[in-house]
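In what follows, a single structure is set out as structure tokens and then discussed.
The values are calculated or read from the model by the stated rules, or taken from the named source; none is laboratory data. This one's a predicted model, so the numbers in the text were calculated from it and none came from an experiment. So basically every Cβ, Gly included, is an ideal-geometry build from the backbone, and we count neighbours across all protein chains shown.
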Amino acid sequence: MKTTFFKGQTMQTTSPAVSKTDALTSEVMQSFAHATDPRLAQVMGLLAKHLHAFVVESKLTKEEWLRGLTFLTASAAITSEERNEFSLFSDIMGISSMVDVVSQPEGGTPSSVLGPFHNHDSRLRANGSDLTEGQAGDRVWFHGRVVDADGQPIQNAQIDFWQNADNGLYPAQDPDQDPHNLRCKIACEANGSFNLLTIRPHPYTVPTDGPVGALLAASQRNIWRPAHYHVIVSASGYVGLVTELFPEGSAYLTEDTVFGVRPGLVVDFKPCHDAAVAQRFGIATPFLEMSFEFCLAKQG
Ligand SMILES: [Fe+2]
């Protein structure tokens, strides 16, 4: 006998041939079938289905199940406004990246993980700003354009940019840094162009002092992320883009512990001898140059 669960899906429920595990899975899925939001019914039903399949296939023991609950309890205990262990667990399991991959609109620049250090209150600075402000680090001239799927410039686009400092730390990790260090928003020109002066980013490790760190250690997994810049690109009428750019040649590019590196996001990072740019920023040549064209998909 088949019972309709949600639109387009049916499942076996009462046949004597149905196993005890299938019957239990079916019962749990149906318990969500009358949710007021059909999407909630679908998502929770599928979550139950796949979690049950995991338990069955792995032959999960009671001791292992209890260890899982202990892991979640420890994750909750260490989670705060500044630090989310569940988000980190999602990252190291590749779930955050999988959500990026399946929700990626056609034709746009690949998205990547947001990470834990974005600041909504980042300051709007003039296009062409110098973010280095006397601090240590190799100077990098980062420039590019924001375009649509036809390569036409998008007007009124905005860049939200952040990275770690020469010591590998973000401001949230380093009391000696100004909260706005090496981060800003920039309104692009009418032709979609933008540029700024910043420094070379550095690889860093994810936090290892919590249950996720213990899991990574027990699994003998890499704890490092390759060097990267974070960028959010937005423009009215277009799907917003959350992504990262990875300088070519950075360590850990092929073993990012949060699986954020995508084809198309690894960019040239090369010496530049442009005297006019050097004079504008008051820096010596050669400096490093990175150029990138962000492509946004239209909404709808
Ligand atoms: Fe980061």
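The set of residues in segment 15-62 being acidic (Asp, Glu) and surrounded by 16 or more Cβ atoms within 10 Å (Cβ to Cβ) consists of Asp22 alone.
Which residues, taken from segment 196-217, are touching a helix residue (DSSP H, G or I) at 6+ places or on another chain (Cβ under 9 Å) and buried (at least 21 other Cβ atoms within 10 Å of the Cβ)? Once the filter is applied, which keeps residues that are touching a helix residue (DSSP H, G or I) at 6+ places or on another chain (Cβ under 9 Å) and buried (at least 21 other Cβ atoms within 10 Å of the Cβ), segment 196-217 yields Leu197, Val212. Among Ser75, Ser87, which is the only one that is surrounded by 14 or more Cβ atoms within 10 Å (Cβ to Cβ) and in contact with an Asp or Glu (Cβ under 9 Å, 6 or more places away or on another chain)? Being surrounded by 14 or more Cβ atoms within 10 Å (Cβ to Cβ) and in contact with an Asp or Glu (Cβ under 9 Å, 6 or more places away or on another chain) holds for just one of Ser75, Ser87, which is Ser75. Scanning segment 225-242 for any residue that is of a type in the set (A, V, I, L, M) and more than 20 Å from the chain's Cα centre (by Cα) turns up nothing.
Matching residues to (1) closer than 22 Å to Ser236 by Cα; (2) in the same structural domain as Ala235 (by TED's automatic domain parsing); (3) within 16 Å of the ligand (Cβ to nearest atom):
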position: Ser111; (1), (2), (3): yes, yes, yes
position: Asn127; (1), (2), (3): yes, yes, no
position: Asp138; (1), (2), (3): no, yes, no
position: His143; (1), (2), (3): yes, yes, no
position: Phe161; (1), (2), (3): yes, yes, yes
position: Gln173; (1), (2), (3): no, yes, yes
position: Asn181; (1), (2), (3): no, yes, yes
